[in-house]
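Remarks on the structure that follows.
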DNA sequence: CTAGGGTTAG
């Protein structure tokens, strides 16, 4: 676990002097009479600047405390004060804080200023109160392009696509000219298809080098998976602001190119642009990619601390997920524990983190704490707790939470929730119950569900189900090799070579390729990649001889290779064993054993799931070599120790 | 006068 720097004290950079700042802080920290007097004598303008500073830095509690002191001391807030504090309220989860400020705005008459009105409607929209947001907007005497844009993005934020588009056209009808911000917002719903249309309109109306729309266009291309055109748009944006840089960074991150994302980060700082919380949370998220080094994530954490962004909610939330995904669940919890305020996202990040590590008990504890605090719940929070139950085989608990979600929280189960339940029953061997859900849920099963059923068919030797699942996977996701391979193996096993050959032909015609399995291991700050049977590593010879040595020792300890995991069309059992024994994770582990000291834990990251035989193999390695081995596969973590795995062979 | 809208995290 890394040592976290104490971040509870932040020193803002102020326009006024150090002395005044110290007085300021003391006035906030104790209710000492002298300090209070100092507070009262400080001009309102400086309080406002301080408030602005807090709001810009995401220091929500500080900002609200300051506003409260201001209110208590009898100073009358200005429209500037209100704008700032409403901006802060927009990020609160308790909408009542904002409502209170709303009352103050009405009483003082400040509500009639455009800025205050806009902040108010924005606050309601961001806290999910669309009705009040709309009402404030309708009652505004004077509306400008900013107010219109705020309503549009407010609707979009709350899923009101149709209303957003309506407001967009109404605005144009009333003669208000959309600007870059407006296009930027509306582009989020136009899904690529309209990109060229909007682009034409943008060029016609705002001939200003894509400055504000650029980032939105860029995002459009990225969601279409077109990083090339995204890059071209990026080049055209001039000057490039932080939003544009962040959008480009996200583009590379989504394409799995963590190093390119990091390059963008360094480039923007070199150009004198200051990264903000969006940049940091995006960059830290990029560090969770399987091929990214664990060091990189820590470096950006350190960087965030240095630049004082670590206390921003989105940043600390992304840190929780980053550490969890990097296998360091303790650091994830440490960040979570130190969060001054936590949102729904914070709690669900922690729950999913524990779930991925198979620590179901802790996941449920955190979830129960959330329930006790009467926090608002959403579908994703329940996905976290259900997946914890699934990974640990807690059938009763899973059923219980599923019902709580529907009956107490009135959340409609999504496909994800049904998948969890199907997987939960399937792993527990309750195939009939799993099938009941498949038949009765209001969705057509997606490829994910069929993959679960495919796994079930293998365990239960249910050929009929296997065939059905494989065929559905092929039709739903024609580029996924799993269905073809399974179907081929089934035909081959039954001696039906005619159909087997046809499957192979189809696969060939469609250019379907099995995703290459990679395993990564980090040794002395360097990441090494291995793929099955490769010999690129300079120590390759030693790695393979270590593997043969291990094989002999493991067989003495009772290891029997399970060649059923091999999906190749090979008859020779010995050949199958060889393929198994050279799976990428084994190469990585063998290298880890050679290259690190005996008490050093070995961390492996895989892009695919670990196969049953490798799982057995690693368990025994952890026993005979007395090593702690952590494997992160596509879905979750396995902590191997003394011949056992944290997943309890339940994955 | 300053301030409000656009990107981000599970």
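The values are calculated or read from the model by the stated rules, or taken from the named source; none is laboratory data. Keep in mind that what you see is a predicted model, and the values were worked out from it rather than measured. As a convention, Cβ positions derive from the backbone with ideal geometry for all residues, glycine included, and neighbour counts pool all protein chains shown.
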Q.
Just to be sure before I move on: is residue A:536 at negative phi and outside any helix (DSSP H, G or I) in the structure I sent?
A. yes
Q: Scan the range A:103-123 for residues that are free of Cβ contacts under 8 Å to residues at least 24 places away in the same chain and surrounded by fewer than 16 Cβ atoms within 10 Å (Cβ to Cβ) and jot them down.
A: A:103, A:106, A:107, A:109
Q | Filter result for residue A:68 (within 12 Å of DNA strand B (Cβ to nearest atom), farther than 20 Å from residue A:345 by Cβ and part of a helix (DSSP H, G or I)) | A | no
(Q) Is it the case, given these coordinates, that residue A:100 is surrounded by fewer than 22 Cβ atoms within 10 Å (Cβ to Cβ), within 12 Å of DNA strand B (Cβ to nearest atom) and over 23 Å from residue A:164 (Cα atoms)? (A) no
Q.
Quick check on residue A:429: is it closer than 24 Å to residue A:637 by Cβ, surrounded by fewer than 16 Cβ atoms within 10 Å (Cβ to Cβ) and without any contact (Cβ under 8 Å) to a residue 60 or more places away in the chain?
A. yes
Q.
Tell me yes or no: at least one residue of the range A:618-626 is under 22 Å from residue A:642 (Cβ atoms), touching a residue at least 24 places away in the same chain (Cβ under 8 Å), in contact with a strand residue (DSSP E or B) (Cβ under 8 Å, 6 or more places away or on another chain) and assigned to a loop (DSSP other than H, G, I, E, B).
A. no
(Q) So, residue A:376, is that one more than 22 Å from residue A:459 (Cβ to Cβ), within 24 Å of the chain's Cα centre (by Cα) and touching a residue at least 60 places away in the same chain (Cβ under 8 Å) or not? (A) yes
Q. Can you pull out the helices (runs of 4 or more DSSP H) entirely within the range A:278-352 that have at least 2 residues that are surrounded by 24 or more Cβ atoms within 10 Å (Cβ to Cβ) and within 9 Å of DNA strand B (Cβ to nearest atom)?
A. A:313-325
Q: Could you please find all residues in the range A:259-275 being under 18 Å from the mean Cα position of the chain (by Cα) and within 13 Å of DNA strand B (Cβ to nearest atom)?
A: A:261
Q) within 14 Å of DNA strand B (Cβ to nearest atom), part of a helix (DSSP H, G or I), surrounded by 15 or more Cβ atoms within 10 Å (Cβ to Cβ) and at pLDDT 80 or above, is that true of residue A:188? A) no
Q: Looking only at the range A:154-161, decide whether some residue is surrounded by 14 or more Cβ atoms within 10 Å (Cβ to Cβ) and under 17 Å from residue A:83 (Cβ atoms).
A: yes
(Q) Being away from DNA strand B (no atom under 11 Å from the Cβ), without any contact (Cβ under 8 Å) to a residue 60 or more places away in the chain and farther than 26 Å from residue A:97 by Cα narrows it down to one residue among A:180, A:160, A:175; which is it? (A) A:175
Q. All but one of (1) assigned to a helix (DSSP H, G or I); (2) farther than 17 Å from residue A:253 by Cβ; (3) within 14 Å of DNA strand B (Cβ to nearest atom) hold for residue A:375; which doesn't?
A. (1)
Q.
Can you find a residue that is more than 9 Å from DNA strand B (Cβ to nearest atom), buried (at least 18 other Cβ atoms within 10 Å of the Cβ), part of a helix (DSSP H, G or I) and at pLDDT 80 or above anywhere in the range A:233-244?
A. yes
